[in-house]
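Quick one: the structure is below, questions incoming.
What follows draws every value from the coordinates through simple rules; no lab data is involved. Predicted, not measured: the structure shown is a model, and the values here were computed from it. Don't worry about glycine lacking a Cβ; one is built from the backbone with ideal geometry, like all the others, and counts go over all protein chains shown.
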Amino acid sequence: MAGQLWSVSVLGGFMYSDELSDKLRLEVIPVVKFRQFCDAQDGTQKQLNAGDQFFWNTYSRVAAGGGTLLETEVMPETNFTVKQQSLTVTEYGNSIPYSGKLNNLSRHPVQEIIKKVLKRDCVETLDGGAHAQFDATSIALQPTGGTSTTAVTLTEGAATITNNVALGKDHVKVISDAIKERNVPPFMNDHYYCIGWPSTFRTFKNDLEAVAQHTETGFSHIMNGEIGLYEGVVFCEQTHVAKGGAVDTTTWTYRVADAWDNAASDWAFFFGEDTVAEGIVIPEEIRGKIPSDYGRSRGVAWYYLGGFGIVHPLSGTDYTDIRIFKWDSAA
């Protein structure tokens, strides 16, 4: 067949594929929540197959700290250790088929699909992948005794206390102090971050309006979903991952609701620098299906090849380098 063809890029395929790919990338990036806090690692030059491992290094503090020297003393020597971490590169994607008749009778059917359906699914799915690694942290924060509104118990391991109160501003004060005193590096501009559901922050959200909301000179970069700054912690709301954060790994669904039994609050993550690594082999893109049945059967999909991995997982019983802390409950 002569003329312009969808199935041949130089004869027409690029007319749609480039436009759609740009649309997805430009619209997905501004609305991600968990994924914006990941450290993106470029793997596009690697010859990887689905399921291959993506590696990165983490470096310890020096084994022995420096100090004062006498004039005749020899300069002390020390070292540091290197740990190699990895994540599994896998494929993500989803598609929507549509008929040639729909395409012919509708003015912009494909772009409407991308904007209203595939874009949202792509954002939620990849944010869910990032969340799953945030949730792999091994330090839990709980109100002392399950009911204290002023004291917090930090547990190195799974949550052991059933949380019966909502997260409050006095909890935040204690959590902020605890993170700083563990020498966790700040995420940005000497600030730590916290992300959770809007209702998780309701008990002190009104206070944030009057206390401090980016009035400091030079603090101009605002992350997606930010609602305010309090006690050195910037708070961000998200609704991509459901309350409880349950994951259906069979259907790749990260929006399964599984809230705490008493419904008093829900999870929230406090964190500093070096949270989750994202190994990107093929960035998310739109792919058009080569039409079949003489052009009557068509489809559009989003596709991504990469993966997520917590940067500082628990190493044996050493919790020193943990950077993510989860406001949690045993039930």
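Rounded to the nearest 0.05, what FRET efficiency do Lys116 and Ala158 have when you use their Cβ-Cβ distance and R0 = 45 Å?
Details: r = 39 Å, r/R0 = 0.88.
Result of the calculation: an efficiency of 0.70.
Also, quick follow-up: Pull up all non-local amide H partners of Thr275: gap of 5 or more, or a different chain, and H-to-H distance under 5 Å with H placed in the peptide plane.
Asp39
Measuring from label point to label point, each 7 Å out along Cα→Cβ, what is the Asn224 to Gln53 span in nm?
Using points 7 Å along Cα→Cβ, the separation is 3.1 nm.
With the alpha-carbon atoms as the only input, what is the per residue convex hull volume for region 253-331 in Å³?
Details: hull volume 13.9 nm³, N = 79.
Normalising the Cα hull of region 253-331 by residue number yields 176 Å³.
Among the listed pairs Lys101/Lys289; Lys119/Lys289; Lys180/Lys326; Lys119/Lys243; Lys173/Lys205; Lys119/Lys205, which have their C-alpha atoms separated by more than 19 angstrom in this model? Let's see the in-between values first.
Values: Lys101/Lys289 16 Å; Lys119/Lys289 17 Å; Lys180/Lys326 15 Å; Lys119/Lys243 22 Å; Lys173/Lys205 14 Å; Lys119/Lys205 30 Å.
With Cα atoms farther than 19 Å apart: Lys119/Lys243; Lys119/Lys205.
Here's something else I'd like to know. Of all chymotrypsin sites (Phe, Trp or Tyr not before Pro) in region 292-328, which ones are in loop regions per DSSP and have a Cβ with at most 11 other Cβ atoms within 10 Å? Can you show the working numbers first?
Numbers: sites: Tyr294, Trp302, Tyr303, Tyr304, Phe308, Tyr319, Phe325, Trp327; in loops: Tyr294, Tyr319.
Listed in order of number, the matching sites are Tyr294.
Using amide H atoms built 1.01 Å from N in the peptide plane, name the residues 5+ places from Asp52, or on other chains, whose amide H lies under 5 Å from its own.
Here the answer is Val89, since their amide H atoms fall under 5 Å of that of Asp52.
Determine ³J(HN,Hα), in whole Hz, for all residues of region 144-156 in sequence, where each value follows from phi through the Karplus function 6.51 cos²θ - 1.76 cosθ + 1.60 and θ = phi - 60°; x replaces Gly and Pro.
After applying 6.51 cos²θ - 1.76 cosθ + 1.60, I find 4, x, x, 10, 5, 9, 10, 10, 10, 9, 9, 10, 7 Hz.
Given R₀ = 56 Å, FRET efficiency for Tyr98-Glu73 by Cβ-Cβ distance, to 0.05?
On the way: r = 77 Å, r/R0 = 1.37.
For R0 = 56 Å, the calculated efficiency reads 0.15.
Test of understanding: what is the full-extension gain from Thr81 to Arg296, defined as 0.36 nm times their sequence separation minus their Cα-Cα distance? Mind dumping the intermediate values first?
Working: separation 215, 0.36 × 215 = 77.40 nm, distance 6.00 nm.
In short, 71.4 nm is gained.
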